[in-house]
Every structure is written in C-alpha cells, then in structure tokens.
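A.B. asks: Would you mind keeping the following structure in view while I ask a few things?
Computed from the coordinates by the stated procedures, all read-outs in this text should not be read as laboratory data. The model shown is predicted, which means the values in this text are computed figures rather than measured ones. In this analysis, Cβ positions are derived from the backbone assuming ideal geometry, glycine residues included, and neighbour counts consider all displayed protein chains.
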Amino acid sequence: MSIVQGTLASEERLHWLSQQLAEHGAVSIAEAADALGVSEMTIRRALTELEERGTARRVRGGARALGPRPFEERSHTARRAKSKIAAKLSGLLPATGAMAFDASSTVMRACAALTRAEDLTVLTNGPETFAALQHQPGVSALLTGGALDARTGSLVGPLACRSAAQLGLDLFFTSAAALDPVLGALETTLEEAEVKRSIAAGAEQVVLAADASKLGLRALAVGVEWDRVDILVTDLDPGDQRLERYKSLTRVL
C-alpha cells in the first residue's frame, strides 16, 4: 500500500528517493514503487537520473547512496547544472585581494572565469584546482598542503587546516555534498568538513555553490553552518519554490 498520497511530480519523486538514500543508505525499486504508487519502470528512470546527477549508484534491484568520490568521478556529474552555477559565480569573482576555492568540481569551473584578475591570491586544497589556476594571468595560486585523501582527491589534515587559518581571505567559494536547511553544508568525510571550517573561519564572506540535487539532503559532517554563509548559488532560478526555505537563511542567487 502506498505511504505517499497520490503520485509525486518528477522532482518531488527524485527528492523523496534522495532522502531515502541519505537516511538508509540504499533504496529498493520494488519498495519505492509501492511507497510512491508508481511503476517500477518509473523508479528505475528516477534512479538513473540520480546516478547521472552523481547522487546515487545503481545496483541490482535498486540503488545505493554515494560516499566520498574522487575528483575525476565527480567532475563528470551534473555538468549542465555546474555550468549554470559557474556562470553565476563569474559575477562574484574579484580582481584583487585574497580568496579561496575548495576542492570541489563545481567551484573549479569558476577558474576559467577569473578573466579580470590583476593581483589576486587564490588558496585551494584541491590539486586539480591548483593546476587549473596556473594558467590564469594575474592569479597567484597557493596550495594548502596536507595529506592527499585518496577517497576525494583533496588535501586534508592538520597541515591543510593550519595553513588555511594563516590567511585573511576576502571570499571563500565552496560547494557541499548535501545542504540541510537546519545544519548547513555537509560533507561525506570528517576530514573534508574540517578543512572547509578552517578556511571559512578566516574569510570575510562565504559563497556556497551547490546544484539542486543537494537541497534538503544530509551527509556525514557539517562543513559550513548557515551563519557563515553569505550567498547561496544554485543552478535554479532564485524564484524557484525549492529555494524558499533557504531565503530566510542567506542571500540566494
């Protein structure tokens, strides 16, 4: 018997499945179809969409939640959404001063938009982002140092946190594995969350960039709480109903 009244719209269905994955770690096609009152084929299509967005991995009979993933794998997911986010971020990038990029594939796309840079220092804990910044005129790139986390491809640990704390930053651009309207921006590893907290602590402003598939989800550890987020940038139109709950927490673009 269905536990959900009526048939949910496509995005609502995707969100329901994402919540099940976040809470239970896995979801069964048969059980989801029964709970939502739709066909198993509809659930299969929805889970395929979540896999393409990079928030689930299809397995026999259902799907499993994704844990930490290497940069290369993350860079191939939600490409259209990340391009929309990068276009919005381009208008927030300064020409001078000091800022930081995290190690996310979402934020790294903004590297190409640093066309106005004149005397800009950019700190990152992402080796791929550091490499991309080498080709930007007017940019001095700094790498935090630290231990390379094989699960994510980012630099973490005490050295990364300490070096991040040594800089007074104007801006910190960061993404997240999940956005909870109560807890904030969450990460799949404690180590990644710790580095982001350290960078955010020394930044005057924090810009949080995440695609719509992350909204309303939870992950292992809080990286940045809402009282440290100045701007939320997503691939959605700011008037989208899915963003209403976040407008009381921060500025939404």
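A.B. asks: When the helix-only estimate is applied to the chain (DSSP H runs of n ≥ 4, each -39,500 (n - 2.57), divided by the residue count), what is the mean residue ellipticity at 222 nm, nearest 500 deg cm²/dmol?
C.D. replies: -9500 deg cm²/dmol
A.B. asks: Also, quick follow-up: Does segment 144-217 come out rounded, prolate or oblate by the C-alpha gyration tensor, with a ≥ b ≥ c the root eigenvalues, rounded set by a/c under 1.5 and, if not, prolate when a/b is larger than b/c and oblate if not?
C.D. replies: oblate
A.B. asks: Can you work out ³J(HN,Hα) from phi for every residue in segment 69-74, in order, using Karplus 6.51 cos²θ - 1.76 cosθ + 1.60 and θ = phi - 60°, giving whole Hz and x for Gly and Pro?
C.D. replies: Running phi through 6.51 cos²θ - 1.76 cosθ + 1.60 with θ = phi - 60° gives 10, x, 4, 4, 5, 5 Hz.
A.B. asks: May I pose another question? May I ask for the net charge around Ala178, where only other residues with Cβ less than 14 Å from the Cβ of Ala178 are counted and Lys, Arg are +1 while Asp, Glu are -1?
C.D. replies: 0
A.B. asks: What are the residues whose amide H is under 5 Å from the amide H of Ala141, where those residues sit 5 or more places off or on another chain and H is modelled from the backbone?
C.D. replies: Val122
A.B. asks: Taking every eigenvalue of the Cα gyration tensor of segment 27-103, multiplying by 5 and rooting it, what semi-axes result, largest first, whole Å?
C.D. replies: That gives 36, 14, 9 Å for the three semi-axes.
A.B. asks: Moving to a separate point now. Output the antiparallel fraction of DSSP beta bridges having both residues in the chain, as a percent to the nearest 5. Don't skip to the answer; put the middle values down first.
C.D. replies: Details: 15 of 40 bridges.
Taking every DSSP beta bridge with both residues in the chain, the antiparallel ones total about 40 percent.
A.B. asks: So which aspartates and glutamates pass the test for Lys247, namely a Cα distance under 18 Å, with those fewer than 8 places away in the same chain ruled out?
C.D. replies: Cα-Cα hits under 18 Å: Asp180, Asp211, Glu225, Asp227, Asp230, Asp235, Asp237.
A.B. asks: Can you check what the net charge comes to around Arg57, using other residues whose Cβ is under 9 Å from the Cβ of Arg57 (Lys, Arg +1; Asp, Glu -1)?
C.D. replies: Combined, the nearby Lys, Arg, Asp and Glu give +1.
A.B. asks: Additional query: What is the sum of charges, Lys and Arg at +1 and Asp and Glu at -1, for the other residues whose Cβ falls under 14 Å from the Cβ of Leu215?
C.D. replies: On the way: positive: Arg53, Lys214, Arg218, Arg242, Arg245, Lys247; negative: Glu11, Glu12, Asp180, Asp211, Asp235, Asp237, Asp240, Glu244.
Result for the local shell: -2.
A.B. asks: For Lys196, give me every one of the lysines with a C-alpha distance below 21 angstrom, ignoring sequence neighbours fewer than eight places off in its own chain.
C.D. replies: Answer for Lys196, where 21 Å is the Cα cut-off: Lys82, Lys214, listed by chain and number.
A.B. asks: Compute the Rg/Rh shape ratio of the chain: radius of gyration over Kirkwood radius, all on alpha-carbon atoms.
C.D. replies: 0.99
A.B. asks: Hey, another quick one. Each label point is 7 Å from the Cα along the Cα-to-Cβ direction; what then is the distance between the points at Thr115 and Ser90, in nm?
C.D. replies: 0.6
A.B. asks: What relative contact order, as a whole-number percentage, does the chain give when Cα pairs under 8 Å and 6 or more residues apart are counted?
C.D. replies: Normalised by residue count, the contact order of the chain is 15 percent.
A.B. asks: Between Arg245 and Ala165, how high is the FRET efficiency from 1/(1 + (r/R0)^6) when r is the Cβ-Cβ distance and R₀ = 45 Å? Nearest 0.05.
C.D. replies: 0.90
A.B. asks: Each residue of segment 205-216 in turn: what ³J(HN,Hα) in whole Hz from Karplus with 6.51, -1.76, 1.60 and θ = phi - 60°, glycine and Pro shown as x?
C.D. replies: 9, 10, 10, 9, 10, 7, 7, 4, 5, 8, 5, x
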